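Below is a structure I'd like to ask you about.
Nothing in this text is a laboratory measurement; each read-out follows from the coordinates by a stated rule. None of these values were measured; they are calculated from a predicted model. Backbone-built Cβ (ideal geometry, glycine too); neighbour counts: all protein chains shown.
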Protein chains: 2
Amino acid sequence: MSLEFTLLGLLNRNPRTGYDLSKIVSRTTNFYWTATQTQVYQSLKKMADRGWITSETILQTGKPSKLLYHINPEGQIAFMEWLRDPPDSPTMKEPFMVQMYFLDLLDKEEILNKIKFIQAMHEQRLQEFQEYRGNIVAADKSLKENMARSLPLKAGILFEETWITWCEQALADINEMI
Amino acid sequence: MSLEFTLLGLLNRNPRTGYDLSKIVSRTTNFYWTATQTQVYQSLKKMADRGWITSETILQTGKPSKLLYHINPEGQIAFMEWLRDPPDSPTMKEPFMVQMYFLDLLDKEEILNKIKFIQAMHEQRLQEFQEYRGNIVAADKSLKENMARSLPLKAGILFEETWITWCEQALADINEMI
DNA sequence: GATCGCATGTAAGCTGTTACATGATTTA
DNA sequence: TAAATCATGTAACAGCTTACATGCGATC
């Protein structure tokens, strides 16, 4: 259910189209709730049926026309209620770590390659997060709005650094394993 | 799909009942793929239909009889294929961080309370992980099998420590916010 | 000429959750 | 006497993924 509230929260800041929202939410980097384009369109439709948001058709020349969604007072109330509630517990789906849990069935080379692959991925993600950081620190916003952007980003950076540390230690441990 | 392979991997180590497996997989602590009891029973049925696993009824006195599942050669082949494949990318569902992303709509006290709540949760989880660690380090197993248990656990500990660090910094930042 | 970006969506299927049902034994 | 543990499961629904369809304009 948090996907709907994620979208509501974004619409509460600015009116946006399904296309805009799906770009924000589909990149793993920079967000804490990933969803596909299809899911975004489906959720927007549901929320519009429920009266939380309203769409406005915008005609464009040279580009397909688009539906700009706005949040309604009912949507704002629902959003604030969700925001004040204690958060649902996170769902863990980390296929790589599941594979590591069964690493005893692989040979040394295979294990090392798997870890190196994941390490490269996290190094890239860390870099993307750090590039993104500049925008926020430089932004001329009220302190609270600044925090709302920088604290989750800071978490992203810390987690990527932790991943990389783990990979380095794991590679060393596996290498020593004879 | 990784849930089925998680269960297969566990069955490959030891025959188990749905009840046993659901206990392992439903505690967030200590595993990287969480699932409910219902889902475990459903997945076991599917895998049995597919011929990956076989069940054996075990009658007990004073307790309900149980179905002990064993992995079949077909199941072992499917499992090893999955294990060698590059892992699927993880799915991020972190409702707490989504709420933090919209923290500008809450007042200082509410934000501090939310963070303290999550901090306490992670401190508890860290403790559980650390208690769990003793068993593994002390275990008298071959190095590879030992790694399969200790590396993912080590990751869990590092991530919990990172969460706590983030919470401490976040609390300090919010407090300084006037 | 092919692919990418813009922009919307449907259909089918798979995965996951919540609530319920049963029933004996053990512990508080 | 109430609740927890053992042990299995069904039904209904909600959430999410994959594949497909459309069509224009711009870039390679």
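Under the Karplus relation 6.51 cos²θ - 1.76 cosθ + 1.60, θ = phi - 60°, what is the ordered set of whole-Hz ³J(HN,Hα) values for the stretch A:96-110, x standing for Gly and Pro?
My calculation for the stretch A:96-110 gives 4, 5, 5, 4, 4, 5, 10, 4, 4, 8, 10, 8, 3, 4, 4 Hz in order.
Turning to a different aspect of this structure: Could you check which residue among A:LEU68, A:LEU105, A:LEU151 shows the biggest mean-square fluctuation in a GNM of chain A with a 10 Å Cα cutoff?
Of A:LEU68, A:LEU105, A:LEU151, the most mobile in the Gaussian network model is A:LEU105.
Which residue is it, in chain A, that holds its beta carbon closest to the axis of the A-onto-B rotation, and how many whole angstrom away?
Per the Cβ-to-axis criterion, the result reads A:THR162, 2.
Can you bin every Cα-Cα distance in the protein assembly as shown into 20 Å intervals starting at zero and give me the percent of pairs per bin, rounded to whole numbers?
With a bin width of 20 Å, the distribution comes to 25, 52, 22, 1.
Convex hull volume of the Cα atoms in the stretch A:2-84, per residue, in Å³?
Per residue, the Cα convex hull of the stretch A:2-84 comes to 93 Å³.
I need the calculated FRET efficiency for the pair A:SER65 and B:GLU168, taking r as the beta carbon distance and R₀ as 41 Å, to the nearest 0.05.
0.25
Let me ask something else about it. Out of every Cα-Cα pair in the stretch A:80-163, what percent are more than 18 Å apart?
63 percent
Moving on to the next point. Among the lysines, which have Cα under 28 Å from the Cα of B:LYS114 when same-chain residues fewer than 8 positions away are ignored?
A:LYS93, A:LYS141, A:LYS144, A:LYS154, B:LYS93, B:LYS154
Taking 7 Å along the Cα-to-C-beta vector as the label spot, tell me the A:GLN124-B:ARG84 distance in nanometres, rounded to one decimal.
Going from the A:GLN124 label point to the B:ARG84 one covers 2.4 nm.
Can you list, largest first and rounded to whole Å, the semi-axes you get for chain B by taking the square root of 5 times each eigenvalue of its Cα gyration tensor?
Semi-axes (√(5λ), whole Å): 38, 19, 17.
Could you give the length gained on full extension between B:MET177 and B:ILE77, defined as 0.36 nm per residue of separation minus the Cα-Cα distance, in nm?
30.3 nm
What is the average number of partner chain Cβ atoms found within 10 Å of a Cβ in A:162-175?
3
Sticking with this one: May I ask you to evaluate 6.51 cos²θ - 1.76 cosθ + 1.60, the Karplus curve with θ = phi - 60°, for each residue of the stretch B:80-94 and list the ³J(HN,Hα) values in order in whole Hz, giving x for glycine and proline?
5, 5, 4, 5, 7, 5, x, x, 4, 6, x, 9, 8, 9, 10
Specify the inter-centroid distance of the stretch A:77-126 and the stretch B:102-173, based on alpha-carbon positions, in whole Å.
14 Å
Over chain B, with a Gaussian network built from C-alpha contacts below 10 Å, which listed residue (B:VAL25, B:VAL40, B:VAL98) shows the highest mean-square fluctuation?
Answer for the Gaussian network model of chain B: B:VAL98.
Given a Förster distance of 22 Å, report the FRET efficiency between B:THR36 and A:GLN39 from their Cβ-Cβ distance, rounded to the nearest 0.05.
0.55
Would you please give the residues with an amide H less than 5 Å from that of B:ASN72, counting only those at least 5 places away or on a separate chain, with H modeled from the backbone geometry?
Placed amide hydrogens put B:ILE53, B:THR54 under 5 Å from B:ASN72.
Also, I was wondering about something else. Run lengths n ≥ 4 of DSSP H only: what is the helix-derived mean residue ellipticity at 222 nm for chain B, with -39500 (n - 2.57) per run over all residues, to the nearest 500?
The per-residue figure over chain B is -22000 deg cm²/dmol.
Taking 8 Å as the Cα distance limit and 6 or more residues as the minimum spacing, I'd like the relative contact order of the stretch A:2-84 as a percentage.
Answer for the stretch A:2-84 is 33 percent.
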